[in-house]
1. Please state which one of Ala122, Ala133, Ala158 is in contact with a Phe, Trp or Tyr (Cβ under 6 Å, 6 or more places away or on another chain) and modelled with pLDDT of 95 or more.
2. Given the criteria in contact (Cβ under 8 Å) with a residue 40 or more places away in the chain, open to solvent by less than 20 Å² (accessible area, probe 1.4 Å) and within 29 Å of Ala67 (Cβ to Cβ), does Ile326 qualify?
3. Output the number of the condition that Gly141 fails; it satisfies all remaining conditions of (1) at pLDDT 95 or above; (2) within 25 Å of Arg316 (Cβ to Cβ).
4. Give the number of residues within segment 191-213 that are surrounded by fewer than 24 Cβ atoms within 10 Å (Cβ to Cβ) and either over 23 Å from Arg81 (Cβ atoms) or touching a Pro at 6+ places or on another chain (Cβ under 8 Å) (or both).
5. What do you reckon, is Ala67 open to solvent by 10 Å² or more (accessible area, probe 1.4 Å), small (Gly, Ala, Ser) and not in a loop (DSSP other than H, G, I, E, B)?
6. Answer yes or no: is there a residue in segment 169-181 that is touching a helix residue (DSSP H, G or I) at 6+ places or on another chain (Cβ under 7 Å) and within 21 Å of Trp289 (Cβ to Cβ).
7. For residues that are in contact (Cβ under 8 Å) with a residue 12 or more places away in the chain, surrounded by fewer than 21 Cβ atoms within 10 Å (Cβ to Cβ) and among the charged types (D, E, K, R), tally how many sit in segment 237-249.
8. Are any residues in segment 104-128 outside any loop (DSSP other than H, G, I, E, B) and among the charged types (D, E, K, R), and if so, which ones?
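The values are calculated or read from the model by the stated rules, or taken from the named source; none is laboratory data. Everything numeric here is computed off the predicted structure, so don't read it as measured data. FYI the Cβ positions are ideal-geometry reconstructions off the backbone, even for glycines, and counts take in every protein chain you see. Protein only, heavy atoms only, side chains kept; ligands, DNA and RNA dropped before computing areas. Shrake-Rupley method; radii C 1.70, N 1.55, O 1.52, S 1.80 Å.
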Amino acid sequence: MSAVRSAETGGRALIGSGSYLPEDVTFLLTDLSAADLERPTEDREEGFQSGRHYSEDLPIEYQPDAAYLRIYHQALERSARRVALATGIVAELVRHTKPAPVIASIARAGTPIGILMRRWYAFRHGLDVPHYAISVIKDRGVDMNALRHITDRHDRAAVQFVDGWTGKGVMTRVLAEAVRGLGVDDTLAVLADPARCVPLFGTRDDFLIPSACLNSTVSGLVSRTVLNAEHIGPDDFHGAKFYRELLPHDLSQHFIDTIVDRFDEVADEVEAAWPRLWAADRTPTWEGWAAVERIAERFDIPDVIMVKPGVGEATRVLLRRVPWRILVAPDRLDELAHVLALAEARGVPVEEMAGLPFSCVGLVRPVRTGDGGKPVFHTPAARWRPETP
């Protein structure tokens, strides 16, 4: 970890590069490693459904057993080429509009993808692309202190937001609302867009991105981001923890190196694929959100915030939330070994559902009830609906 202190945040220590190489990323996150922020999953879930915001504390980091780690390594070996191909395609789409991009990845799922894109630019074009990881929080927006840090140093028109994948597409709305009028492009670039809600993507197939299988040990040993007034002042960057004690288990650099090793193998395919994709109709259709609405209606779920679509989001439900059930597409079962293993370990029923536009969907279990035993939800922002063509 490269410790950094910033005059812009009163000299408070920042996360630095986590366990990544310093040249690959700078986390614009206040270091909260010494703070006691972790809470048991059931307590957090009840808090969420009572109105407490998820960014105010952290889940206890799930540490996989040997069997699950074997599944992760098998998944990485199986999908490394696919991830490399998608990385090259989305990187070239971005470069077509921003010849010298400045990457602002959304910590933490977007950060490995931002590093891979940065490595692609160096590999294919000899470019040394700046890369910052910043906090973007649903219902609370972009860390504007971090964004100002970037735009004070770089052409704001060159800033490119990057994330790992899309679920319902809420993050696209958060970005659009947060940066309106700032001269910053709110378009989100992702490796996989199964929700069909962004125009810059490597693929729209809902395939397993192995970095979704684990938590901090594949994300630079950095926690998810925190915005809690007890720890974060108005002039501070949002916060995160660095789990130094997990260094012996860290796979962050191994994940990056494994994908980068496949760049040469996919280079010609990327060169042929990205111009075709650029010329194709990439207009967002929000099909993923429509599917979420149908699932919510079928299972009598009054708030779509409890429906987490896509393999990445379903994995998060199993790792960090209180899962109710997992829905899987029958023809994708062979690709979901890690989801099935987690569901079995937690005693979560798995139900096959034909016609899913996603590989799988996680449903969060309501833990609070009101009069008559019905679930109580306190997530009004989740009732936003996209404007579809």
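1. After applying the criteria, what remains is Ala133.
2. Taking the combined requirement at face value, the residue does not satisfy it.
3. The number of the failed condition is (1).
4. Residues in segment 191-213 being surrounded by fewer than 24 Cβ atoms within 10 Å (Cβ to Cβ) and either over 23 Å from Arg81 (Cβ atoms) or touching a Pro at 6+ places or on another chain (Cβ under 8 Å) (or both): 5 in total.
5. Here the answer is yes, as Ala67 does meet what is asked.
6. Scanning segment 169-181, I find at least one residue that is touching a helix residue (DSSP H, G or I) at 6+ places or on another chain (Cβ under 7 Å) and within 21 Å of Trp289 (Cβ to Cβ), so the answer is yes.
7. Qualifying residue count for the region: 1.
8. Arg118, Arg119, Arg124
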